[in-house]
1. Can you confirm whether A:E100 is surrounded by fewer than 16 Cβ atoms within 10 Å (Cβ to Cβ), closer than 17 Å to B:Q38 by Cβ and of a type in the set (D, E)?
2. For the range A:44-64, enumerate the residues that are among the aromatic types (F, W, Y) and more than 15 Å from A:Q101 (Cα to Cα).
3. Only residues that are at pLDDT 95 or above and within 19 Å of A:P70 (Cβ to Cβ): list them for the range A:34-56, please.
4. Could you please tell me which pairs satisfy a Cβ distance under 7 Å, a separation of 6+ or placement on different chains, a first residue in the range B:37-55 that is in a loop (DSSP other than H, G, I, E, B), and a second residue that is polar (S, T, N, Q)?
5. Residues being within 12 Å of chain A (Cβ to nearest Cβ) and surrounded by 14 or more Cβ atoms within 10 Å (Cβ to Cβ): count how many of those fall in the range B:94-111.
6. Give the number of residues within the range A:44-89 that are among the charged types (D, E, K, R), assigned to a loop (DSSP other than H, G, I, E, B) and away from every other protein chain (no Cβ under 14 Å).
7. Return the residues of the range A:61-78 that are among the aromatic types (F, W, Y) and closer than 24 Å to B:Y46 by Cβ; say none if nothing qualifies.
Amino acid sequence: DAGVTQSPTHLIKTRGQHVTLRCSPISGHKSVSWYQQVLGQGPQFIFQYYEKEERGRGNFPDRFSARQFPNYSSELNVNALLLGDSALYLCASNLQGYNEQFFGPGTRLTVL
Amino acid sequence: DAKTTQPPSMDCAEGRAANLPCNHSTISGNEYVYWYRQIHSQGPQYIIHGLKNNETNEMASLIITEDRKSSTLILPHATLRDTAVYYCIVRVDQGAQKLVFGQGTRLTINP
């Protein structure tokens, strides 16, 4: 079975641009979470979605938004990119009611 | 979620048991202890979790002290592939699914 997949694997943007990152959860998983991992730090929670509804939000500015589609895949959007947004963006999925989260390989975003 | 404290780094010889400590002195009664690890350039991987009893699976064992203020993750026969950053996380087992990661312990397995 395929695990959590994310695209693209790497991305380079310039300040002020916007970016869309994509995530496909494990088949049957309806919950998707997004994390940001800055170099040298642990992952930081951004959003959680379940059944297309936002169920949790971390301490990130409104430039960050996300949505979940009927097939449970998800997009993370970041507007007005800043240099500090350079990070590894991780997506995780899990079965609701089960707390083991399965992480994808991440998208490495570099903002120049 | 309660805060956890882990040593920043540890070394272990290949084939020996690796024992990774975690302090969570402010843990509350309904909070579980979770362990994840992150191998370089990969997403975190779930290892094990427990409430108050010791737990064992195919990857590791989790020993939680009786007062639940600390725990130890044990990798019984460490291999080079176990070199990773190990995160101890304390969280309630309900509600939003967010995981609060600290700095973790960078475990290096030496040949």
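1. On the way: surrounded by fewer than 16 Cβ atoms within 10 Å (Cβ to Cβ): yes; closer than 17 Å to B:Q38 by Cβ: yes; of a type in the set (D, E): yes.
When the stated conditions are applied, A:E100 passes them.
2. First, pick out the residues of the range A:44-64 that are among the aromatic types (F, W, Y): A:45, A:47, A:49-50, A:60, A:64.
The answer is A:F60, A:F64.
3. Result: A:W34, single match.
4. B:P44/B:Q38; B:N54/B:S61
5. So the count comes out to 11.
6. Our first condition is that a residue be among the charged types (D, E, K, R); within the range A:44-89, this holds for A:51-55, A:57, A:62-63, A:67, A:75, A:85.
Narrowing further to those that are assigned to a loop (DSSP other than H, G, I, E, B): A:51-52, A:62-63.
Narrowing further to those that are away from every other protein chain (no Cβ under 14 Å): A:52, A:62-63.
Residues flagged as among the charged types (D, E, K, R), assigned to a loop (DSSP other than H, G, I, E, B) and away from every other protein chain (no Cβ under 14 Å) within the range A:44-89 amount to 3.
7. A:Y72
Results for (1) more than 14 Å from every other protein chain (Cβ to nearest Cβ); (2) in contact with a helix residue (DSSP H, G or I) (Cβ under 9 Å, 6 or more places away or on another chain), shown as yes or no for each residue.
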| position | (1), (2) |
| --- | --- |
| B:I39 | no, yes |
| B:Q42 | no, no |
| B:L51 | no, no |
| B:E58 | no, no |
| B:S61 | yes, no |
| B:I64 | yes, no |
| B:L75 | yes, yes |
| B:R81 | yes, no |
| B:A84 | no, no |
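The values are calculated or read from the model by the stated rules, or taken from the named source; none is laboratory data. Since this is a predicted model, take the numbers as computed values, not measurements. Because the Cβ atoms are built from the backbone with ideal geometry, glycine has one as well, and the counts that use them run over all protein chains shown.
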